[in-house]
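Data first, discussion second: the structure below is written as structure tokens.
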């Protein structure tokens, strides 16, 4: 079994290899199938069965174990994560590893299909510097952004002085094509 330090690099190199040898569509298929519904099938089960509670159970545990710098915010109609320090992207940056051009896209590459299959819509933005946010809500029921952002408060990653830096991508940029 490899340690987390090796895993992040191998994961990223795998993304680059798949995209270079088989193309972007194959990489998106890998994220959507092998990660979303194989290696992360437990996340799909929690989210589809428990909704926001399942999201909190999954990401609350996972991100704490990974020692991520994050904040979860919930309202009656939304579940949001503000990632201030992504441990895997942070590791890659710290060790000057950048094999794949958009390592961050793999999160939406698997979370997006899980959300969709579970009846949720996702909004997202990342900056390639280990900082991102995502909001999940029931399909067709866009949350009140004012209420949500007031509750997020100072944890809003978009208030971080480093947020404007880097190359920004939204979920639409990372989205698996239907």
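For segment 111-129, state whether one or more residues are closer than 22 Å to residue 54 by Cα and in a loop (DSSP other than H, G, I, E, B).
Yes, that holds for at least one residue.
Going by what's in this entry, would residue 153 be described as part of a helix (DSSP H, G or I), at pLDDT 95 or above and over 23 Å from residue 14 (Cα atoms)?
Yes.
Of the residues 18, 35, which is farther than 23 Å from residue 139 by Cα, in contact with a helix residue (DSSP H, G or I) (Cβ under 7 Å, 6 or more places away or on another chain) and either touching a residue at least 12 places away in the same chain (Cβ under 8 Å) or surrounded by 12 or more Cβ atoms within 10 Å (Cβ to Cβ) (or both)?
The unique qualifying residue is 18.
Regarding residue 45, is this residue closer than 17 Å to residue 117 by Cβ and modelled with pLDDT of 95 or more?
When the stated conditions are applied, residue 45 passes them.
Scanning for something more than 16 Å from residue 157 (Cβ to Cβ) and at pLDDT 90 or above, does segment 66-74 turn up at least one residue?
Scanning segment 66-74, I find at least one residue that is more than 16 Å from residue 157 (Cβ to Cβ) and at pLDDT 90 or above, so the answer is yes.
Looking at the structure I just gave you, is residue 133 part of a strand (DSSP E or B) and either within 30 Å of residue 6 (Cα to Cα) or without any contact (Cβ under 8 Å) to a residue 24 or more places away in the chain (or both)?
In short, yes.
Taking the conditions exactly as written (closer than 30 Å to residue 159 by Cα, touching a helix residue (DSSP H, G or I) at 6+ places or on another chain (Cβ under 8 Å) and buried (at least 19 other Cβ atoms within 10 Å of the Cβ)), does residue 30 satisfy them or not?
It is false that residue 30 is closer than 30 Å to residue 159 by Cα, touching a helix residue (DSSP H, G or I) at 6+ places or on another chain (Cβ under 8 Å) and buried (at least 19 other Cβ atoms within 10 Å of the Cβ).
Table: residues versus (1) surrounded by 17 or more Cβ atoms within 10 Å (Cβ to Cβ); (2) out of contact with any strand residue (DSSP E or B) (no Cβ under 6 Å at 6 or more places or on another chain); (3) over 19 Å from residue 84 (Cβ atoms).
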position: 126; (1), (2), (3): yes, no, no
position: 133; (1), (2), (3): yes, no, no
position: 136; (1), (2), (3): yes, no, no
position: 146; (1), (2), (3): no, yes, yes
position: 161; (1), (2), (3): no, yes, no
position: 164; (1), (2), (3): no, yes, no
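Suppose we filter segment 136-150 for residues that are free of Cβ contacts under 8 Å to residues at least 60 places away in the same chain and part of a helix (DSSP H, G or I); how many remain?
So the answer is 4.
Starting from residues that are in contact with a helix residue (DSSP H, G or I) (Cβ under 7 Å, 6 or more places away or on another chain) and free of Cβ contacts under 8 Å to residues at least 60 places away in the same chain, keep the ones in segment 51-65 and report whichever is nearest to residue 107 (Cα to Cα).
The extreme case among them is 58.
Quick one: is residue 112 more than 23 Å from residue 13 (Cβ to Cβ) and either modelled with pLDDT under 95 or surrounded by fewer than 19 Cβ atoms within 10 Å (Cβ to Cβ) (or both)?
The answer is no for residue 112.
The values are calculated or read from the model by the stated rules, or taken from the named source; none is laboratory data. Bear in mind that the values here come from a model prediction, so they are computed numbers and not experimental data. Note that we place each Cβ from the backbone using ideal geometry, even for glycine, and neighbour counts take in every protein chain shown.
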